[in-house]
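The values are calculated or read from the model by the stated rules, or taken from the named source; none is laboratory data. Not measured: the values here are computed from a predicted model. No Cβ is skipped: glycine too gets one built from the backbone with ideal geometry, and neighbour counts run over all protein chains shown.
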Amino acid sequence: MAAGPGFAPAAARTAEAVLARPPRTLWADAWRQFRRHRLAMFGLFVLSFMVVATAFGPFVYPVGFNEIDMTQRLKPPSPAHPLGTDDLGQDILARILFGGRVSIAVGLAAMFIAVTIGTAVGAVSGYFGGTVDQVLMRLTDLFIALPPLPLLLLVIYLFRDPVRNVFGPELGIFLLMVTVIGSLRWMPVARLVRASFLSIKEKEFIEAARCIGVPGFRMAVVHMLPNALSPVIVAASLGVAAAILQESTLSFLGLGFPPDMPTWGRLLFDAKDRLDMAPHWAIFPGLAIFLTVLSINFIGDGLRDALDPRKVS
């Protein structure tokens, strides 16, 4: 059937409209896909709220986190103390706001170390292959086989005092925990990067780059590494939550920060003997850990779907 007289102009206008649209980048498509994930957007909202609250809360709620008032010991939530007080009369809300900075900072810094080590090991292993790949992957398998929590406890116990003597009680414990947690979480990142490099180095654009004489280091860093970042971003987002939990676990076991540094895990450790008298002392720090870890996991799920090329549309 012949097209009507207005068909050609309409088709031309449609083609012009399509061509006039600004080109969409991979990250723009990923953001569109991420916004469709309701739980991920909920997690982003909750995490943003927690970060803003811990960063600016002490300025909005100007109550000292170490102010002691023995007349207000173990008070339940009230207008004067919205989340109650502990056994020294210290305001729990102020301590949660301050401690959140430390807990979140430990998670982010530990995963930065893990991603850096894992990306370097995975990139070298996947790019060179052969004997280098076998040696690095067996080293990765060895670290995976180590039990993380007992090893964390052992290293923290052995090196806590020497590090505190050199860097001070607060900075020393922070550096030690970040280094140890990050050094024991790089293995999944290394495997993801290795698998991505093994796949990418067989692509046509890598063959073309090799044919025109692109140096190996530039090829790996400029052409291959950016295309392997999607699974790394997902693993890093989920790893932050695991690092926060590990810091909370170490503090709960008494091997974390000192009592005057009220991280969320330390607050739970201090509250464990007063659960019958002051349950609010443990409920609110536990709720902060729960919401933060849950929101990060939701964000990780959203990023996994958004960065999956089979789902981006």
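Within region 150-200, restricting attention to residues that are buried (at least 21 other Cβ atoms within 10 Å of the Cβ) and of a type outside the set (A, V, I, L, M), the residue that is farthest from the chain's Cα centre (by Cα) is Phe197. Residues that are small (Gly, Ala, Ser) and more than 22 Å from Trp186 (Cβ to Cβ) do not occur anywhere in region 233-249. Entry remark, region 133-149: residues being touching a residue at least 24 places away in the same chain (Cβ under 8 Å), surrounded by 14 or more Cβ atoms within 10 Å (Cβ to Cβ) and not acidic (Asp, Glu) number 5 in total.
Yes/no per residue for (1) among the aliphatic types (A, V, I, L, M); (2) surrounded by fewer than 19 Cβ atoms within 10 Å (Cβ to Cβ); (3) on the phi > 0 side of the Ramachandran plot:
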| residue | (1), (2), (3) |
| --- | --- |
| Ser248 | no, no, no |
| Gly256 | no, no, no |
| Pro259 | no, yes, no |
| Gly265 | no, no, no |
| Leu291 | yes, yes, no |
| Arg304 | no, no, no |
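Which residue, of Gly43, Gly89, Gly64, is at pLDDT below 90 and surrounded by 13 or more Cβ atoms within 10 Å (Cβ to Cβ)? Only one candidate passes the filter, namely Gly89.
Among the listed residues Val193, Val163, Val234, Val178, which satisfies the condition of being modelled with pLDDT of 85 or more, in contact with a Gly (Cβ under 8 Å, 6 or more places away or on another chain) and either within 21 Å of Thr116 (Cα to Cα) or not β-branched (Val, Ile, Thr) (or both)? Walk me through it before giving the result.
On the way: Val163 fails: either within 21 Å of Thr116 (Cα to Cα) or not β-branched (Val, Ile, Thr) (or both); Val234 fails: modelled with pLDDT of 85 or more; Val178 fails: in contact with a Gly (Cβ under 8 Å, 6 or more places away or on another chain).
Exactly one residue qualifies, and that residue is Val193.
Test Val102 against the criterion of being at pLDDT below 90 and in a helix (DSSP H, G or I), and give yes or no. Yes, satisfied.
Among the residues that make up region 208-229, is at least one of them closer than 30 Å to Phe128 by Cα, touching a Lys or Arg at 6+ places or on another chain (Cβ under 8 Å) and surrounded by 21 or more Cβ atoms within 10 Å (Cβ to Cβ)? Within region 208-229 (the criterion being closer than 30 Å to Phe128 by Cα, touching a Lys or Arg at 6+ places or on another chain (Cβ under 8 Å) and surrounded by 21 or more Cβ atoms within 10 Å (Cβ to Cβ)), the answer is yes, since at least one residue qualifies.
Residue by residue through region 204-220, note down the ones that are free of Cβ contacts under 8 Å to residues at least 24 places away in the same chain and of a type in the set (A, V, I, L, M).
So in region 204-220, the residues free of Cβ contacts under 8 Å to residues at least 24 places away in the same chain come out as 204-215, 217-219.
Answer for region 204-220, where residues must be free of Cβ contacts under 8 Å to residues at least 24 places away in the same chain and of a type in the set (A, V, I, L, M): Ile206, Ala208, Ala209, Ile212, Val214, Met219.
Out of curiosity, is Asp273 in a loop (DSSP other than H, G, I, E, B) and acidic (Asp, Glu)? Answer is no for this residue. Filter region 176-203 for residues that are in contact (Cβ under 8 Å) with a residue 40 or more places away in the chain and in a loop (DSSP other than H, G, I, E, B) and give the result. Hits for region 176-203 are Leu184, Arg185, Trp186, Lys201. Looking across Leu238, Leu255, Leu245, one residue alone is part of a loop (DSSP other than H, G, I, E, B) and aliphatic (A, V, I, L, M). It is Leu255.
If the requirement is being crowded, with 22+ Cβ neighbours inside 10 Å and within 26 Å of His223 (Cα to Cα), which of these qualifies: Gly99, Gly107, Gly118, Gly129?
Values: Gly99 fails: within 26 Å of His223 (Cα to Cα); Gly107 fails: within 26 Å of His223 (Cα to Cα); Gly129 fails: crowded, with 22+ Cβ neighbours inside 10 Å.
That would be Gly118, the only listed residue that is crowded, with 22+ Cβ neighbours inside 10 Å and within 26 Å of His223 (Cα to Cα).
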